[in-house]
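Structure first, then comments.
Values quoted throughout were computed directly from the atomic coordinates according to the rules given, and no laboratory measurement underlies them. Keep in mind it's a predicted model, so treat the numbers as computed, not measured. Cβ placement follows ideal geometry from the backbone for every residue including glycine, while neighbour counts extend to all protein chains displayed.
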Amino acid sequence: MEITAISSIGNLDMIALKPHQVVMSCELEEAESFYRFWEGLAYDRIMIQVITTGTFIEDLSEYFEGYAYKVIKLAKREFHFQSILQRADWDIAGLLFLLASINDDVFLITDPQPDKSYFSEGKLQCLTDSGERIMWFEYDAAEIYMVGGN
């Protein structure tokens, strides 16, 4: 990963960075580059957040059947999906890359804190003071961005 200029990030309209946060990025040339990135990431739990339409939210909910998840209606046909999974529960790299390839707004938080709301006012809140890593994808999963981590 390398430090990225904020001005080069194309989808910051959904991200609320805190002052002085450094954004790192990794170009994802294909799915394999994401899998390599994911294998090197240390975490116990991962929070997955997806902003999507009503038609896809039903498919996503079925895929997460048996796991705890929450769906909140944001607008007429827009929904916020959130689930927290244990790393040991599921090999999710393939699912995450697929989600990022077909959805513009996929957010990941490693080891999220139970008392924090990471999505509010229509934006991902980059709250990383407890050692979390917050990640999001460029459109069509061409790149992944990350802030935080100790």
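Structure summary
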{"quantity": "Value of relative contact order over segment 10-148, rounded to a whole percent, pairs C-alpha under 8 Å and six or more apart", "calculated": "35"}
{"quantity": "Highest average packing first - 70-81, 41-52, Cβ atoms within 10 Å", "calculated": "41-52, 70-81"}
{"quantity": "Pairwise centroid distance, computed over Cα atoms, of segment 103-150 with segment 1-23, Å", "calculated": "11"}
{"quantity": "Computed over segment 8-60, Kirkwood Rh from alpha-carbon pairs, angstrom", "calculated": "14.5"}
{"quantity": "Label-point separation in nm, Q21 to E58, each point 7 Å along Cα→Cβ", "calculated": "3.5"}
{"quantity": "Convex hull volume of the chain per residue (C-alpha atoms, cubic angstrom)", "calculated": "113"}
{"quantity": "Length added when fully stretched, L95-R36, from 0.36 nm per residue minus Cα-Cα", "calculated": "19.8 nm"}
{"quantity": "Sorted largest first, extent of segment 59-131 alpha carbons per principal axis (Å)", "calculated": "36, 31, 23"}
